[in-house]
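Only one structure is covered here, and it is reproduced in the block below.
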Amino acid sequence: MIPGLIRPLVLGRRRPPLAAALGMLAGAWLGVSLPSLPPAGTGILAVTTAAGIVKRAPAAAGLAAGFGRALQAGGGIVSQRREGPQATDGWITMSLRTVAERPGRFVLTGTTRGPGGREQRIRLNWYLRGPLADPPRAGERWRLRAVLRQPRGTLNPGAWDYEGYLFRHGVGRVGYVRKDPGNRRLAGARGLQRWRSELSLAIARAAGSPIAAAVLPALATGHRGNLSAADWELLSVTGTAHLVAISGLHVGLVGLMGYVLGLWILAGLRFPGALARSDGARLIALTAATGYAALAGFSVPSRRALVMLCAWTLAGFLRRRPRGGDILGLAAIAILLFDPLAILDKGFWMSFAAVATLLAVAAGRPRGGGVLSLQMGLWAGLLVPTGAVFGRVSLLAPLANLLAVPVFSLFVVPVTLAGVLFYPAIPALADILWRGAGLAVSLLFGLLELSTAALPSAVDVAGPAGLSLWVGALAAVLGLSPAARFGKVAALGAVLLVLAARPAPPAPGAFRVTVLDVGQGLSVIVQTHRHAMVYDAGPGWQGGDAGRFSVLPVLRHAGVRKLDTLLISHPDRDHAGGGMTVARRFGSAARLGAVPGEPAAPCVRGQRWIWDEVRFDIWHPAEDDGPASDNDRSCVLLVSHAGGATLVPGDVGARVEARLLSDLADVAVDLMIVPHHGSRTSSSEPFVAAASARWAVFAAAVGNRWRFPDPGVAARWRASGAGTWMTGREGALTFEFPPGDPPRLVAVERARRCRYWRSCGSGRARP
């Protein structure tokens, strides 16, 4: 397929590469979006069809090829996951591909032999109580006692899709390493993997500051495991995250350095002929860029840059000037043919969107246009893709990149890579170079921190989706195109409208309840027409919490820009773990209950407030409750209006439930968030009978160690007539309570986003 597309490219004829690339993008996206796998052989048939029609219909050929290759790649991963039992506990031999160090643990990815004898990619967490004397490194082989299971993660609207991430990277099993004296290294790293690992450690030691020790290895080897959550937050709000990911910019920069160096060397050698020297320099540039991309692990953006560099080199040999769009299209085709699941990679979309925008900006920029105009054009063109991918748009990006890009391009990256070249022969000189680059990084990040403190940095967007995304992207392209100068203002207006669009809030007098999927824990979001609150913020763990990964993304997706109240029912980690993260993000929100690290008003029975004709009542605890466990002192919240009610009782047990019976006599509860995740210590028979709920939701993870919900408790709720749902099995659940109509369940996240490669839940209440 590719040779047939290259020929017109370099010969200057009409361009099928761009048409084929667009078709391939659509086909690959369709291939990963199916709810179920088509019959075996469909992928092969589609690829064969593509090869037969590529000359006559490049767009249709691209569509068939993308669809077929996506099915082939995705079907192979699914078949591996289905081999053998759901979970295993035993000894494995694992070849490590990547090792990421996190607080209290290592994250290992690599390959082992699956139950069917086929090589299988796995991902393990290795939890530690103290540092290892000789920690694992990429490229090593280990014998480990591990518990493996099929991949499963939380699923919430607008939040990170862990299952999608694992599927994109071909992971067939996940699990953790058991503590065992038999865990041991079988073989050390060899070749390029060993070199990358040693180089990352050497650079980190010489860098001079924690931020430099995190950034410089990322630039040299692609190892970004040392970057903290705070570092990523700073890069996100300033729009500079692309600088620490080995991207096409870095590969192109190395290629340019190689080209200039090649011209200088060949001129010194008195290489005959200017054209011959230019050709030789192109080969040196390509070699340098390929070596750098290999050192960085051949990320998607680096592969894109390499393909474009190859096309540029070939066109230079043939004395042609290929169109930028055709080269970009050829790069997309090459990547998707060999790695069709790259369609799920954020880096894929941002890399191609950035280059496409640069091409449009360069074509439409007037002569003499400066760097600032180029930077502003790039920022404007990427507004919609950035908002769609990250849910946030940086206001500082044009100014921050105006400073950061030259610093990185002209100093940090060249000096860091010079250190890499000198390290084998003159390590002392390499250390000096890395320390100098580290000083520049430290100063730059200090300036970025000052800028975020002094200026508005970023705004959250609901995230354009569906048709609005494509309308916004098209408007941006038209606004940047020289053929549409008359419509630049209108195009920019369309982009801003797409970014400003938010999901419709509940109607006046209505309320919406979203029970999040936060694993083993609880978080509930309640929205009225003009107000919003969070009840509990899910669990926390070393290095992260549900507030960051679930609650805040869901709020952003729902268009909630102001949180009125944060209520933490009690201080248990599975309820309060994400509370501090949410509190920091919404500093003006009122605090109730046990918000960690923040002054908060206590929950007291009798507290009441009304938002948009919706009533909020605290039923428990009473001031005279006396001694009680944290669970039994949970804040019990009733949200109600004339048409329906929701009760959120936290982790209260049967003793407190008995005290609530008199309240339940006066209220018809439609939605019950089952107390204590369905523990047998709660949901007493009188409480269940008095509630007479329409829906009973268990906030619990699949396969949790407490085995929530208890089978007897689940049966009790079903016997009462309630439809029972479990967040770990179904994902987030959204209920609407309109003022004049019966309440209704409007979204079951796993059913809504059903794909053949993930568990889709039941999509219905359990019988």
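On the stretch given as region 102-114, residues that are surrounded by fewer than 16 Cβ atoms within 10 Å (Cβ to Cβ) and in contact with a strand residue (DSSP E or B) (Cβ under 8 Å, 6 or more places away or on another chain) total 3.
Scanning region 91-142 for residues that are modelled with pLDDT under 85 and acidic (Asp, Glu) yields 101, 134.
Within region 172-203, the residues that satisfy the criterion of being assigned to a helix (DSSP H, G or I), touching a helix residue (DSSP H, G or I) at 6+ places or on another chain (Cβ under 9 Å) and surrounded by fewer than 21 Cβ atoms within 10 Å (Cβ to Cβ) are 192, 195, 199, 201, 202. Could you list all residues from region 197-214 that are touching a residue at least 40 places away in the same chain (Cβ under 8 Å) and touching a Lys or Arg at 6+ places or on another chain (Cβ under 9 Å)? 197, 206, 207, 208, 212, 213, listed by residue number. Considering only residues of region 45-58 that are buried (at least 17 other Cβ atoms within 10 Å of the Cβ) and in contact (Cβ under 8 Å) with a residue 40 or more places away in the chain, which is farthest from residue 16 (Cα to Cα)? Selected residue: 50. Filtering region 502-548 down to residues that are among the aromatic types (Phe, Trp, Tyr) and surrounded by 24 or more Cβ atoms within 10 Å (Cβ to Cβ), which residue is farthest from residue 107 (Cα to Cα)? Across region 502-548, the extreme among qualifying residues is 511. A count restricted to region 293-329 and to residues that are part of a helix (DSSP H, G or I) and closer than 30 Å to residue 98 by Cα stands at 15.
Would you be able to tell me the number of residues in region 703-742 that are surrounded by fewer than 21 Cβ atoms within 10 Å (Cβ to Cβ) and assigned to a loop (DSSP other than H, G, I, E, B)? Residues in region 703-742 being surrounded by fewer than 21 Cβ atoms within 10 Å (Cβ to Cβ) and assigned to a loop (DSSP other than H, G, I, E, B): 13 in total. Residues of region 213-227 include at least one that is in contact with a Gly (Cβ under 9 Å, 6 or more places away or on another chain), β-branched (Val, Ile, Thr) and not assigned by TED's automatic domain parsing to the domain that holds residue 123. If you filter region 648-676 down to residues that are closer than 13 Å to residue 636 by Cα and either acidic (Asp, Glu) or outside the structural domain of residue 523 (by TED's automatic domain parsing) (or both), you find that the one that is farthest from the chain's Cα centre (by Cα) is 663. Of all residues in region 211-234, those that are within 19 Å of residue 348 (Cβ to Cβ) and touching a Leu at 6+ places or on another chain (Cβ under 9 Å) total 2. With a requirement of 2 or more residues that are at pLDDT 80 or above, the helices (runs of 4 or more DSSP H) lying completely within region 402-483 that satisfy it span 413-422, 427-454.
Taken over region 233-265, residues that are touching a Lys or Arg at 6+ places or on another chain (Cβ under 9 Å) and aromatic (Phe, Trp, Tyr) amount to 1.
Could you tell me whether region 119-126 includes any residue that is over 16 Å from residue 167 (Cα atoms) and acidic (Asp, Glu)?
No, there is no match, as no residue in region 119-126 is over 16 Å from residue 167 (Cα atoms) and acidic (Asp, Glu).
The values are calculated or read from the model by the stated rules, or taken from the named source; none is laboratory data. Keep in mind the model is a prediction, meaning the values are calculated, not measured. Methodologically, a virtual Cβ is constructed for each residue, glycine included, from the backbone with ideal geometry; neighbour enumeration extends over all protein chains shown.
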